[in-house]
Amino acid sequence: MSYTRTDIPEVVIFEPKVFGDARGSFFESFNQRNFEEVVGHAVSFVQDNHSVSARNVLRGLHYQIQQPQGKLVRVVQGEVFDVAVDIRKSSPTYKQWVGVHLSAENKKQLWVPAGFAHGFIVLSETAEFLYKTTDYYAPAHERCIVWNDKELAIEWPASCEPILSPKDALGKALSEADVFE
């Protein structure tokens, strides 16, 4: 598996080597030892999640202010534009974001460390999105930054108004949000 560091070095794109022939294909989707070598520290995943969404559904920008979650995300059907936003005040990349196209076809995965807000928009008719987390879901600590925050100025690729959950529609501006020190 190869990897590429993004403009925010802690956020890493992983790309598997795919072996294919007339019968189909095979690839290793996760290797703990290799993953930890790349991210530079031990990581323990405790939960796997699977979401299915329709075109233009935008989920995010989510994070947990306590029990922060690192996430290893990928798409097994369809395509999304996936975004990680650094919301650690002490970080040199505070308020910066990276966006990556993840699809069943490209098989890329994105490591979103704890301390980042995360979101994605579905670009295909539907998308199945899988992710591993380093801590359990804690609804009392969940927070949401509004997807179109002017200060972040995320360049979402959708040309129409995204479809949001009621909770995501009430996301806060970064300037009003709880963030990490």
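The values are calculated or read from the model by the stated rules, or taken from the named source; none is laboratory data. Note that the structure is a prediction, hence the values are computed from the model and not measured. Here the Cβ is made from the backbone with ideal geometry for all residues, glycine too, and neighbour counts use every protein chain on show.
Counting only residues that are exposed (fewer than 14 other Cβ atoms within 10 Å of the Cβ) and part of a strand (DSSP E or B), how many does the range 1-17 have?
The number of residues fulfilling the criteria is 3.
Scan the range 32-60 residue by residue and report those that are out of contact with any Cys (no Cβ under 9 Å at 6 or more places or on another chain), part of a loop (DSSP other than H, G, I, E, B) and among the polar types (S, T, N, Q).
Ser44
Of these, Lys107, Lys132, which one is under 25 Å from Phe26 (Cα atoms), part of a loop (DSSP other than H, G, I, E, B) and modelled with pLDDT of 95 or more?
Lys107
Can you say whether Gly20 is part of a strand (DSSP E or B), of a type outside the set (Phe, Trp, Tyr), modelled with pLDDT under 95 and loosely packed, with under 11 Cβ neighbours inside 10 Å, as far as the supplied structure shows?
Taking the combined requirement at face value, the residue satisfies it.
Regarding the range 91-104, can at least one residue be identified that is in a strand (DSSP E or B), farther than 23 Å from Glu181 by Cα and either over 13 Å from the mean Cα position of the chain (by Cα) or hydroxyl-bearing (Ser, Thr, Tyr) (or both)?
Yes: one or more hits.
Collect the residues in the range 51-81 that are crowded, with 21+ Cβ neighbours inside 10 Å and within 21 Å of Lys150 (Cβ to Cβ), keeping them in residue-number order.
Selection gives Leu58, Arg59, Gly60, Leu61, Tyr63.
Which residue pairs have Cβ atoms under 7 Å apart, sit 6 or more places apart or on different chains, and have a first residue in the range 130-157 that is surrounded by 16 or more Cβ atoms within 10 Å (Cβ to Cβ) and a second that is among the β-branched types (Val, Ile, Thr) and assigned to a loop (DSSP other than H, G, I, E, B)?
Thr133/Val46; Thr134/Val43; Thr134/Val46; Asp135/Val46; Arg143/Ile65
Is it the case, given these coordinates, that Glu28 is surrounded by 11 or more Cβ atoms within 10 Å (Cβ to Cβ), of a type outside the set (A, V, I, L, M, F, W, C) and either at pLDDT below 95 or assigned to a loop (DSSP other than H, G, I, E, B) (or both)?
Answer is yes for this residue.
If you scan the range 126-181, which residues turn out to be more than 21 Å from Leu110 (Cβ to Cβ) and either in contact with a Phe, Trp or Tyr (Cβ under 6 Å, 6 or more places away or on another chain) or among the charged types (D, E, K, R) (or both)?
Selection gives Lys150, Glu151, Glu161, Lys167, Lys172, Glu176, Asp178, Glu181.
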